[in-house]
1. Where residues in segment C:253-265 are over 14 Å from A:GLN102 (Cβ atoms) and touching a Pro at 6+ places or on another chain (Cβ under 9 Å), which of them is surrounded by the fewest Cβ atoms within 10 Å (Cβ to Cβ)?
2. List every residue pair whose Cβ atoms sit under 6 Å apart, with the two residues 6 or more apart in sequence or on different chains, where the first one lies in segment C:259-285 and is within 15 Å of C:MET243 (Cα to Cα) and in contact (Cβ under 8 Å) with a residue 60 or more places away in the chain and the second, anywhere, is among the aromatic types (Phe, Trp, Tyr) and open to solvent by less than 10 Å² (accessible area, probe 1.4 Å).
3. May I ask you to list the residues in segment A:4-44 that are open to solvent by 70 Å² or more (accessible area, probe 1.4 Å) and within 16 Å of A:PRO66 (Cβ to Cβ)?
4. Give me the strands (runs of 3 or more DSSP E) completely within segment C:405-486, filtered to those with at least 2 residues that are open to solvent by 20 Å² or more (accessible area, probe 1.4 Å) and in contact (Cβ under 8 Å) with a residue 40 or more places away in the chain, ordered by residue number.
5. Counting residues that are closer than 30 Å to C:ALA454 by Cα and among the small types (Gly, Ala, Ser), which strands (runs of 3 or more DSSP E) fully inside segment C:556-653 reach at least 1?
6. How about segment B:94-116: which of its residues are within 14 Å of another protein chain (Cβ to nearest Cβ), assigned to a helix (DSSP H, G or I) and open to solvent by 20 Å² or more (accessible area, probe 1.4 Å)?
7. Just for strands (runs of 3 or more DSSP E) wholly inside segment B:117-224: which have at least 1 residues that are small (Gly, Ala, Ser)?
8. Mind listing whichever residues of segment B:1-54 are more than 10 Å from chain A (Cβ to nearest Cβ) and within 28 Å of C:PRO212 (Cβ to Cβ)?
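The values are calculated or read from the model by the stated rules, or taken from the named source; none is laboratory data. Just so we're clear, the structure is a prediction, and the values are computed from it rather than from any experiment. A quick note on method: Cβ atoms are made from the backbone with ideal geometry, for glycine too, and the neighbour counts reach across all protein chains shown. Note: areas computed on protein heavy atoms with side chains; ligands, DNA, RNA excluded. Shrake-Rupley method; radii C 1.70, N 1.55, O 1.52, S 1.80 Å.
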Amino acid sequence: MNDLIPIRFRLNGIDRKAAVEPNQVLADLLRDDLGQTDVRVSCDQGVCGVCSVLVDGVPVTACLTPAFRADGCEIVTAKGLASGSDALSDVQRAFVDVSAFQCGFCTPGMVISATALLAAHPAPDRATIVGWLGANVCRCTGYQMIIEAIELAAARRAETLHVRIGEPAD
Amino acid sequence: MIDPVPRSRKRIAPFHLHRPSTVAEAVGLLADLDDAMPMAGGIEVLNRMKAGLRASDVISLSGITELAAVQTGAGALCIGAGVTLHGLARHETIRQSTPGLATAMIPVANVRIRHQATLGGNVLAGTPHYDVLPCLAALDATLVLATTGGTVDITARDFAASAEAMPPRALLLHAAIPGGADVLVHDRSMLPGFLLTLGRQADGTVVAVVAGAHTRPQARSLGITAGELAGGLTPVAATAVARDWARTLPPMRDTLHMSAGWRHRVVPVALSRLLAAQGGGRLAA
Amino acid sequence: MADDRRPNRWPADGARRDALDKVSGEGPYTGDTRLPGMLEARVLRSPHAHAMIRAIDTTAARALPGVHLVATGADLGLLKRITFGNWVHDQPVLATDRVRYEGDMVAAVVAVDEATAFRALEAIRVDYQPLPPLMDIDAALAPDAADMFGVKHPNVHMKLGRGAETANEPRRNVLFDYSFTDGDVDAALATADRVFTDRFHFSRIAHFYMEPWICIADARANRAEVWTCNQDPFLLRQDLSEMFGLPEGHFRIRASYVGGGFGGKSYCKHEPLAVLLSMLAGQPVRLQFSLDESLLTLTQHAGELELTTGVMNDGTLVARRTAILLDGGAYADASAQVAVRAGYRAAGPYRWQAYDASASVIRTTTIPAGSYRGMGGTQASYASESQIDMIARRLGMDPLAFRHRNLIPAGVPFKTGDSAVDADFASGLDRVAADLRHQPAPAGAPVLRGKGFALGLKDGGSFGRLGKAAIKITTDGRVLVQCGAMEIGQGATTVISRLAADVLKVPVEWVRYAQVDTDTTPFDQGTHASCATALTGTAVYEAAMRVREQLLEIGAEELGCDISELDLAEWSIRRGSEILPLEPVIKRRYGRFGFEITGEGFIHHPKDPSAPHGAKHLYWMPHWVGVSLEVDTGTGMIRILDMVTGVDAGHAIHHGGVRGQDEGGTLVALAQSLFEEIAYTSDGAFATPTPLDYRVARAADLPGSYRSFILESGLGPGPMGAKGVGEAGMLGVAAAVANAIEDATGVRLTDMPFTPEKVLAALDAAGLTEPPAP
């Protein structure tokens, strides 16, 4: 019955092609077909945010998004957040420095949300962070250290920016 | 009683996918196919299919550009059924014409869901405490539907009162909001018990809507004008207005930790506070 | 307002050892394992709370292309014992003749893929004859209640110590009885000026670990390999051995990172079914549960707790009697241990002339209850710290002063024969009282404000536990630590790596913590009772010391001096200012093909029949809580304005790790106090079956402000005085909230969770609200 749908997309900077079933969700395309094990599924209902990935810069519930909708999109998972030779992005680095995780199962989704948040609000206040974290459930940490990690990443970016502005390149 | 078969994305039964690019095409598919389900953002459809709902055909609406349109004209603001909740909150035209509606959408659900959920999906889901339908009912908006026989209008308040008001095999095109109407306040602080919405009608009167207290949102006029409300109601007056308004509501529902009795008790309290606060607190003390 | 938690405090704390794996998304977790030829298994569950199975028709399911097999309770012939459970083995691998809760497992399908497995499950027809459900303790104990089992099960008698007795399946629908007597409570109560009896209802919550339960079994050949998210690989190996009648060595259990457990992934769960299905299929099988199914697998214990406490008019506590009934759900799991701990711990951190306790586990047709972070200590602390506050107020005393008057000081045994208290309870109380911010309600606002405190308490480690560890170090100084402490998020890898690095004087980045594998990892009794730091950590410390000794001996021989002159430094031997790099030395001694130096550590916390629980408790785990809140008199809604909590880490090996344990547990307990609950409708249907229905805390549920603190008494039994903190965060919260509500309103709530509805009803009863509209 299923008619395979050919799609093309970019995944963590690499062009990919796939043929997907109409009833396949994005999480299964990424995890099962493309081996992207950082895309994990927990609630399978759009509630918990564990499976969050960025699609064209927007955090998306991969367990609740049809795979065919990835056609023509730029997808970034937690493993794709770092750039260049760095193992981690600045947001991920802040999560490390604050120990803003415990079991780690929700962490890829958390860093995806945090990345999108800082793109939209470079200097978020606590209420904004709490509002965005409504997209993610963490059962281990009690959220405070996650909030602090996001604040730390924002503060470091602001510092970097300040240094760039304050000290002209020679 | 739980479903003996677990809920799972892997349980979504196979279906034929249709991806029309025009409304006419979609309406034709709905008319021709006996077991077809329209899918906009996909949240409701996929979640129900994970729980065992089946359809032989799914009509994906995301390729129909006219459903994502926001237009003003003929004394109304028309918001396409495919506009996301994020779009409702951020679209420049909506923010200018109905700033209260745009503001109301900012805290709904979460950022992931707001980008995926659409006006149409949220209105048609039938989930008692979803946010868009009570807002549209508070504005006395009209839902404009496409059928093979042409467009059909039903009021958001009629649809709020009964899902039966929706003709079969119809496609929700857009919501038309009369010029001058806007959401005054959309209060989510009483969730998961209920949410309250105050809307200013085009004629200046105020409608209050409670959602989540019943299986469908309940919209009733408050019998006051937006000017009177903005001028400030004393707590006593606000209480009287809220109690009169609540007296006409049908019996409320029981949900976990929130009984009908608690809702009957608290809905007018929350409404009276909301009313008293609209005057900028000038008379609140 | 000063905030002592600005982010710039943190980099100094150092990264957790599992940070890169987890923050990058790398893992691995059990679900990342894939075996060639692996089939997919899913299970069919009972929609009834209680029913006889008349017939199961699997014909259509078996006929579907891609279905390898359908197993029911009639297919358990390969098992020597078809039931599991701690102490009492009463839970069948699949239901045989009867289902005992909504969600009980009735059949399993093995298929080429999950989609096919679901089609097959949908095609199975089960004919049930419903029986009267027993949805709570009262129903199960009613004189005319049906007997849920009607037979006694294979079981192991739990032998405790002085004053404590236990019994398995003593009466109809009763799983377990515990009693404890320390002195003559009746005689002591007769001397008290006042005696108070109060009853408390403790609600139950789900573990809601984010990684749904999963197990992969490959039992094709002469052995069975199991990959599972279980936090007790060695206990599981023992259960599998007993159930299949095969040697323990037949089974190899392998672990990855565990995506949260909180007790819900302890002891044998559904691994026997996965192994059986793989044996029957002749191929590797992956058995997965959804998060919905994980909610149906295990919960915390609801309970009814009655405390009778005698006190003198001057505020001196005299004696207490505790009577606890716990709702154990349908099957045993670890209920017995929870009852033991709840009964014992309800004494609280106070001096008594006499104390006695009874705790029984009642079977109901609900989700099985078992281990849950706090393990009875949460229930006990809730009741005890509520009543202590109530008594103080009845006597007209300040609740904090009343506590101070009666606390057990550090160094004094908790009970005769038990270990001495190793925490300064008083200093933590002073700290929460000093740190809590509390302001009166604004004039005219329809709210009442109050503050409340509690001192939760749990013991750590009992039943004569042990820890083992092995360390290997390569010629270039890289360290591999092997021990059975599972990384379930609590930071075991970090603590253990740091301990080894500290002793061996190498950078912590040089230390790798091996994933647990029962074939190669030294034995362990399970990641339980917050023992990973105190017990396994000590074994790691010992193992590292053995390696250190060998290295120093090499140095002594090379330098021709005594060991006492030497120390380790950065993979070198140091004598004064003289540095001898180890790598060339070891290569010179053992040849160019290299060498590994190994060391082992072992600690056994001995049994002691003169201790109430047959062994002295390893350490004491307090949780200090202060809450400032306001109660809305119009809606009954509670807003937490400020909160302070603290734990005693003994010695904090990683401050971020300790803090995270406290804050994480605290928020779960706060949610449980206010709204989170595993619930059934009045007609007995499961009311919270999916994550959309089951509300857990999100960031927005944090208190208006919240600070946690760490005390380091240095008195713990672990390295440098360390002890565990993993379960502390659950303990004191519910009582502190209830105490604050009474402080605000004068009304005492004893029925958790404290929902707006219950609050409003209590305010009504006290005449604190306007009468409802006509």
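1. Result: C:ARG254.
2. C:CYS268/C:PHE84
3. Once the filter is applied, which keeps residues that are open to solvent by 70 Å² or more (accessible area, probe 1.4 Å) and within 16 Å of A:PRO66 (Cβ to Cβ), segment A:4-44 yields A:LEU4, A:PRO6, A:ARG8, A:ASP33.
4. Counting at least 2 such residues, we get C:447-460, C:466-474.
5. Correct list: C:619-632, C:638-648.
6. B:THR103, B:ILE113, B:ARG114, B:HIS115, B:GLN116
7. Those strands (runs of 3 or more DSSP E) span B:142-147, B:150-155, B:171-178, B:195-200, B:205-211.
8. The answer is B:MET1, B:ILE2, B:ASP3, B:PRO4, B:VAL5, B:MET37, B:ARG48, B:GLY52, B:LEU53, B:ARG54.
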